Amino acid sequence: MGKIILAKSAGFCFGVERAVKTVTDQIEKCSPDEKIYTYGPIIHNDTVVSDFEKRGAHVISEEEMASVSPGTVVIRSHGVTKKTVEDLEACGHHIVDATCPFVKKIHRLVAEYSEKGYKILIIGNENHPEVQGIIGWIVPGTEYVVIGNEKEADELHFSKGEKVCLVSQTTFNHNKFQELVEIINKKGYDMFAMSTICNATEVRQTEAAEIAAQVDVMLVIGDKNSSNSRKLFEICSNKCDNTFFIQTADDLDLSVIQSIHNIGITAGASTPQKIIEEVQKKCQQRILNKC
């Protein structure tokens, strides 16, 4: 009989759980005539965002902040730029900050070191909301670079001996981060470097790789827009050829586990426990039906 190995670290991380609770608390405490918004999707999960919309917490964008009625705006877990905070306040909104504390730490670091005259080097995806938010806390006029691969690390143009502050996106691949730092260390910068990948991300990635290496099929559950879920898929794919990325139990094609003995399951930091349980239950039913 086959078995299912569910990653202990699967599902909401501390920062996401905190953000979701923050929105829930605001919905419960505000009167019916008060407006509640989240600046951008509170987390990268369509199911959670859709549920909040139904309960009255609406997503607004930068373009909409001035046109909607003043209300309470919950800042998403990924964080926003300093200017965004100032603009929201100028529009008359009350701000409740649900930025992940680990992301806030990066905001403080880049602000502090850019103030000291350091150039800022960010390892991550420049288009990700978290990285865009980090950039927005760098002192204006400071030179900064975002890199995400070896080629970009090799081509770094900072001069030897320059003061450089290095940080990383909290959900970046831990092993890839180490590889890029090795390249950068050879360039002779006067560097302050800190791995700002959160511990939960490192644990989740390590556990996912270990499980993927010992199963026939690996399922990664996450939203299509979730960066950390996509990284889990990449890591698991390197260990297990039969790795599949799904958003909900409805996406699971049961034919892929038809004659499978062992199934591994992990999930991104924005994946609700309910969805994980539904996928696990569907896999268990398939195994029982085969017996």
Being more than 17 Å from the chain's Cα centre (by Cα), surrounded by fewer than 23 Cβ atoms within 10 Å (Cβ to Cβ) and among the aromatic types (Phe, Trp, Tyr), is that true of even one residue in segment 235-246?
yes
Lone unmet requirement of (1) surrounded by fewer than 17 Cβ atoms within 10 Å (Cβ to Cβ); (2) assigned to a helix (DSSP H, G or I); (3) out of contact with any strand residue (DSSP E or B) (no Cβ under 8 Å at 6 or more places or on another chain) for residue 256:
(3)
Residues located in segment 212-237, provided they are outside any helix (DSSP H, G or I) and closer than 24 Å to residue 41 by Cβ
219, 220, 221, 222, 223, 224, 225, 226
Return the total of residues in segment 167-211 being assigned to a strand (DSSP E or B) and more than 19 Å from the chain's Cα centre (by Cα).
4
Candidate set: segment 33-60, residues that are surrounded by fewer than 16 Cβ atoms within 10 Å (Cβ to Cβ) and assigned to a loop (DSSP other than H, G, I, E, B); chosen: the one farthest from the chain's Cα centre (by Cα):
33
Residue, modelled with the lowest pLDDT, within segment 253-267, restricted to residues that are closer than 12 Å to residue 219 by Cβ and either touching a Lys or Arg at 6+ places or on another chain (Cβ under 6 Å) or not aliphatic (A, V, I, L, M) (or both):
257
Among the residues of segment 172-182, is there at least one that is within 24 Å of residue 273 (Cα to Cα), assigned by TED's automatic domain parsing to the domain that holds residue 161, touching a residue at least 40 places away in the same chain (Cβ under 8 Å) and not polar (S, T, N, Q)?
yes
A careful count of residues in segment 61-94 that are within 24 Å of residue 169 (Cβ to Cβ), of a type outside the set (Asp, Glu) and surrounded by 15 or more Cβ atoms within 10 Å (Cβ to Cβ) gives 13
May I ask you to say which residue of 8, 35 is in contact (Cβ under 8 Å) with a residue 24 or more places away in the chain and in the same structural domain as residue 207 (by TED's automatic domain parsing)?
8
Of the residues in segment 168-184 that are within 24 Å of residue 209 (Cα to Cα) and touching a strand residue (DSSP E or B) at 6+ places or on another chain (Cβ under 8 Å), the one that is surrounded by the fewest Cβ atoms within 10 Å (Cβ to Cβ) is 181
If only one of 179, 202 is acidic (Asp, Glu) and under 25 Å from residue 104 (Cβ atoms), which one is it?
202
Residue list for segment 25-52, filter: more than 22 Å from residue 130 (Cα to Cα) and of a type in the set (Asp, Glu):
25, 28, 33, 34, 51
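The values are calculated or read from the model by the stated rules, or taken from the named source; none is laboratory data. Just so we're clear, the structure is a prediction, and the values are computed from it rather than from any experiment. Here Cβ is always computed from backbone atoms with ideal geometry, including for glycine, and neighbour counts include all displayed protein chains.
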